[in-house]
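Written below as structure tokens is the structure these notes are about.
The values are calculated or read from the model by the stated rules, or taken from the named source; none is laboratory data. Note that the coordinates shown come from a computational prediction; the quantities given were computed from them, not determined experimentally. With ideal geometry, Cβ positions are generated from the backbone for all residues, glycine too; neighbour counts draw on all protein chains shown. All accessible areas refer to the heavy atoms of the entire protein, side chains included, with ligands and DNA or RNA removed. Shrake-Rupley method; radii C 1.70, N 1.55, O 1.52, S 1.80 Å.
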Protein chains: 2
Amino acid sequence: MKEPYDFHNPNLLGVAEQIKRLRPLRQAMEQADLRAALVSSPVSIYYLTGRIYRGYLYITVDNDAPLYLVRRPTILHGPGVHLIAKPSQINETLAKAGMAVGEPVALELDTMPYHDAMRLAQALGMEAPEGNISPLLRACRAVKTEREKDMLRRSGVKHAEVYSRIPGLYKTGMTDIELQIEIERASRLEGCLGIFRCAGLEMEIFMGNVLTGDNADAPSPYDFAMGGAGLDSSLPVGADGTVIRPGLPVMVDVNGNYTGYMTDMTRCFAAGTVSPEVEKANRLSADICAGLAGMMAPGTAAADLYNRALEMAREAGMEEYFMGHRSHAGFVGHGVGIEINELPVIAPRSRDILAAGNAIALEPKFVLPGIGAVGVENTYLVGSSAPGELITKAPQNIVALD
Amino acid sequence: MKEPYDFHNPNLLGVAEQIKRLRPLRQAMEQADLRAALVSSPVSIYYLTGRIYRGYLYITVDNDAPLYLVRRPTILHGPGVHLIAKPSQINETLAKAGMAVGEPVALELDTMPYHDAMRLAQALGMEAPEGNISPLLRACRAVKTEREKDMLRRSGVKHAEVYSRIPGLYKTGMTDIELQIEIERASRLEGCLGIFRCAGLEMEIFMGNVLTGDNADAPSPYDFAMGGAGLDSSLPVGADGTVIRPGLPVMVDVNGNYTGYMTDMTRCFAAGTVSPEVEKANRLSADICAGLAGMMAPGTAAADLYNRALEMAREAGMEEYFMGHRSHAGFVGHGVGIEINELPVIAPRSRDILAAGNAIALEPKFVLPGIGAVGVENTYLVGSSAPGELITKAPQNIVALD
């Protein structure tokens, strides 16, 4: 059997890296007066252990060594691992491990279903949940460690490599979805893991979004920057089978999850020559990215980035088309990492302040009626000073498909 | 713009079909003494309207016409549609529409995050959530209407069509993931929507599972019947890059979502000649499917199906390998529809009773050490009498790849 990673070790991060992630969380718990937390979502367990298991990670403010309460797979073993069959065994397991039992334990209340949260709280001896660890986890996850930044950089390299092959995938007469399917295949062959993790129930997507023509202007129920009607009413987003017409842009925004951490990148392609206004919109988008990247320093308000983007769009006379036309997205960027919708949020009312270690996707896009979506999206890492480090290095011009 | 469906109509089912789905739900609400419910998950909104929007569907026991409280897309209009910008507007909107306000309103408490449920309850004038509509929805969704059965049948036809092309996709020396990528592409070109909906946070998957060799015996944290190490610790399930060896089975269990309703189907393939024990295990699996299908009549206990499957495995001396070897799945089948894990659950402690209209996937599989996973999976519709209607009609033998 090929063993690409240690199947038995509950902590694939190693002790030092795990502590780098746990310490800021423990400090935040201290400040929020949360003494203990039980983490249970696949995403959070992956963040704090480097692997996914079914069960719980028990964290206290006092201790760098968490407990692994594992339901599946049962082959996990090592210091701190306790196999349990059901939540009702959590308290006895904690007591045996010398932990205080009966005190409030914070749960992931932003993602855990109500019914599960009530049952888990009761198994822990609480009448109802007390203490929400979700906002603290989200805040900590927004500041990437060096290892996480490397995983993002590696995703960015593969992501750009796949985009460089897109012109070779195009054939005259293709529809948006036919081109998307070839891009999906090229991505998977390059190592894309496929899964596209979004926090919450308000985003559903498959491998990303390829938009051309007026389909870009079809409003979607989801919280993505661009819409699209999709192929079926059961998944109303993205490509809808529109034939790619020469002279019209094709916007490609597909999954960059090559390492468990995903970059977000958009580029435009076209068969034949696009109109000057399309060139102008694309150049403006790249200019806004560069302008905002130049502001990416610790301490900058996320709202300032949004406002600058809107100002640049307005100065260019393009505000009407900025982030949509019939329907406008209320943001120009967002944090990325294990999920596509992390902090900070680059929006007018965002209170987020940029910090070193943030990974931020900027997507100042335009929807031109009768033409389609135009613009680029890049992922940046925030360092100790501006500008942000661009990690999605594909060329930003409109790339010829033929 | 191509308009594959009406972008403006909140109810794509039509009134008659919607009533067919709402009436059993309203009856169940009556019995559970729930007077009103607010449905909000994409899956439930799709079930009750045939489309996905962001917002709420307000249902009362007294009325066949629900209210559509729509946040996005704002282009929805028609009778019963009310655009709202935030949950705090729900009560005033309901009052304007002549609904009783301030009474308990059931929510989807099995899937809605705790934090959202608390906020929504408070917006509705309750201190905390009262009344859970999730189990009622799950029970109603388990009984498919004629239209839903047709959508499942159509998915089954396309699903089988794709499987028939798998031998043509194989090349000597391929790995499991390389073959999977070609199957993914063929599926997408046939119209597979890609998204693989699973209820809850305990299943994550991309397009399905291709397993060969001992990777089949690698335990996974997820609630799938079979495991696999996966390619990365961030998604520990499925293909792991094992080279497909002549004489060993390749189990293919990939996404059958062609219509919004998904069939579940597994078939085994092999290059070269497999051993008699592999042939025996595959035949036993098909025999168990046929045996259980013969019991599929309204009123049959789901647990009886499981017990019969286990008995047949035992009689054949294959119990040790039934539903896994190092780790065993605790079920042999499950309901399918909009999600892959619907009711009924075919498991030893299941209290589910089969009903006409159930769509059930049976997957009696075996993991043979040193060889891999063997067996078939089929989706059936339960009619007014046994046997169940097979809707995944690909040949059930081990199909030659070369």
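Placing a label point 7 Å from Cα toward Cβ, how far apart in nm is residue A:370 from its equivalents in the other copies, listed shortest first to one decimal?
Nearest to farthest, the other copies are at 7.2 nm.
When only C-alpha pairs under 8 Å and at least 6 residues apart count, what is the relative contact order of the stretch B:101-205, in percent?
Rounded, it is 21 percent for the stretch B:101-205.
List the accessible area buried at the contact between B and A, summed over both sides and calculated with a 1.4 Å probe, in Å² to the nearest 100.
So the buried area, both faces added, is about 6000 Å².
Give a residue-ordered list of calculated ³J(HN,Hα) values for the stretch A:142-148 (Karplus: 6.51 cos²θ - 1.76 cosθ + 1.60, θ = phi - 60°; whole Hz; x for Gly, Pro).
Per residue, the Karplus-derived 3J(HN,Hα) values read 5, 9, 6, 7, 4, 5, 5 Hz.
With the dipole of the protein assembly as shown worked out from charges on the C-beta (+1 for Lys and Arg, -1 for Asp and Glu) around the Cα centre, which of A:278, B:126, A:356 lies farthest toward the positive end?
A:278
Roughly speaking, to the nearest percent, how much of the stretch B:206-259's 1.4 Å accessible area is carbon and sulfur?
Carbon and sulfur atoms account for 48 percent of the accessible area of the stretch B:206-259.
Considering the options A:15, A:27, A:97, tell which one lies farthest towards the positive end of the dipole of the stretch A:15-140, charges being +1 on Lys and Arg and -1 on Asp and Glu at the Cβ, about the Cα centre.
Of A:15, A:27, A:97, it is A:15.
How big is the stretch B:202-250 by the Kirkwood estimate over distinct Cα pairs, in Å?
10.8
Dipole of the stretch B:15-140, Cα-centred, from +1 at each Lys and Arg C-beta and -1 at each Asp and Glu C-beta, to the nearest 20 debye? Write down the numbers at each step before the final one.
Values: 13 positive and 12 negative charges, 110 e Å.
Here the stretch B:15-140 has a charge dipole of around 520 debye.
Using a loss threshold of 20 Å², tell me which positions in the stretch A:39-81 are less accessible in the complex than in their chain alone. Probe radius 1.4 Å, ligands and nucleic acids ignored.
In the stretch A:39-81, residues shielded by partner chains: A:42, A:46, A:52, A:54, A:72, A:73, A:75.
Any idea what diffusion coefficient the stretch A:70-193 gets from Stokes-Einstein, in µm²/s, Kirkwood Rh on alpha carbon pairs, 37 °C, 0.692 mPa s?
Rounded, D is 172 µm²/s.
Using per-residue counts of other Cβ atoms within 10 Å, averaged over each peptide, order B:281-294, B:154-167, B:115-128 from highest down.
Ranking, from highest mean packing down: B:281-294, B:154-167, B:115-128.
Would you mind getting the accessible area per residue of the protein assembly as shown, heavy atoms of the protein chains only, 1.4 Å probe, in Å²?
On the way: 28460 Å² over 804 residues.
It amounts to 35 Å² per residue over the protein assembly as shown.
Across peptide B:221-234, how many C-beta atoms of other chains are within 10 Å of each residue C-beta, on average?
The per-residue average across the peptide is 6.
Taking each residue in B:374-383, count the Cβ atoms of any other chain within 10 Å of its Cβ, then average. What number comes out?
Going residue by residue through B:374-383 and averaging, the value is 0.
Could you tell me the accessible area of residue A:172 in Å² (1.4 Å probe, neighbours in place), rounded to the nearest ten?
We get 130 Å² for residue A:172.
Show log10 I(q)/I(0) for the stretch A:182-230 at q = 0.14, 0.15, 0.26, 0.29 Å⁻¹, two decimals, from a solvent-free Debye sum over equal Cα scatterers.
Calculated log10 I(q)/I(0) at the listed q: -0.42, -0.48, -1.02, -1.08.
Å³ per residue of the Cα convex hull, for the stretch B:139-220?
Dividing the Cα hull volume of the stretch B:139-220 by its residues yields 125 Å³.
With the full set of protein chains in place, find how many percent of the accessible area of the stretch A:15-140 is carbon and sulfur; take the probe as 1.4 Å.
Accessible surface attributable to carbon and sulfur in the stretch A:15-140 totals 51 percent.
Find which of A:291, A:255, A:82 sits farthest along the positive direction of the dipole of chain A, computed with +1 on the beta-carbon of Lys and Arg, -1 on that of Asp and Glu, about the Cα centre.
In chain A, that residue is A:82.
Taking the Cα centre of chain A as the origin, how large is its charge dipole in debye, to the nearest 20, when only Lys and Arg (+1) and Asp and Glu (-1) carry charge on their Cβ atoms?
Computed charge dipole of chain A: roughly 1020 debye.
Which parts of the stretch B:91-139, residue by residue, lose 40 Å² or more of accessible area when the rest of the protein chains are there, as against the chain isolated (1.4 Å probe)?
In the stretch B:91-139, residues shielded by partner chains: B:109, B:110, B:113, B:114, B:115.
Could you pull out every residue, at least 5 positions away or on a different chain, whose amide H is within less than 5 Å of the one on residue A:71? Hs are placed 1.01 Å off N in the peptide plane, and Pro or chain starts have none.
Under 5 Å from the amide H of residue A:71 lie the amide H atoms of A:54, A:55, A:56, A:84, each far enough along the sequence or on another chain.
Which number do you get for Rg(Cα) / (2.2 N^0.38 Å) in the stretch A:142-400?
In units of the globular-protein estimate, the stretch A:142-400 measures up at 0.91.
Using 10 Å bins from zero, what percent of all Cα-Cα pairs in the protein assembly as shown falls into each bin?
Result, from short to long distances: 3, 13, 23, 27, 23, 10, 2, 0 percent.
When the Karplus curve 6.51 cos²θ - 1.76 cosθ + 1.60 is applied with θ = phi - 60°, which whole-Hz ³J(HN,Hα) does each residue of the stretch B:163-179 get, with x for Gly and Pro?
Along the stretch B:163-179, the couplings run 4, 5, 8, 4, x, x, 8, 7, 10, 3, x, 4, 8, 4, 6, 4, 5 Hz.
Treating the beta-carbon of each Lys and Arg as +1 and of each Asp and Glu as -1, no other charges, what is the dipole magnitude of the protein assembly as shown about its Cα centre, to the nearest 20 debye?
Using only the charged Cβ atoms, the result is roughly 280 debye.
Roll a 1.4 Å probe over the protein heavy atoms and report the accessible area of residue B:145 in Å², nearest 10.
About 20 Å², ignoring ligands and nucleic acids.
Return the lysines within reach of residue A:365: Cα separation strictly under 29 angstrom, same-chain partners fewer than 8 residues apart disregarded; answer none if there are no such residues.
Straight-distance partners of residue A:365: A:144, A:149, A:158, A:171, A:280, A:393, B:2, B:86.
Distances over 21 Å make up what percent of all Cα-Cα pairs in the stretch B:15-140?
Numbers: 2485 of 7875 pairs.
Within the stretch B:15-140, distances greater than 21 Å cover 32 percent of Cα pairs.
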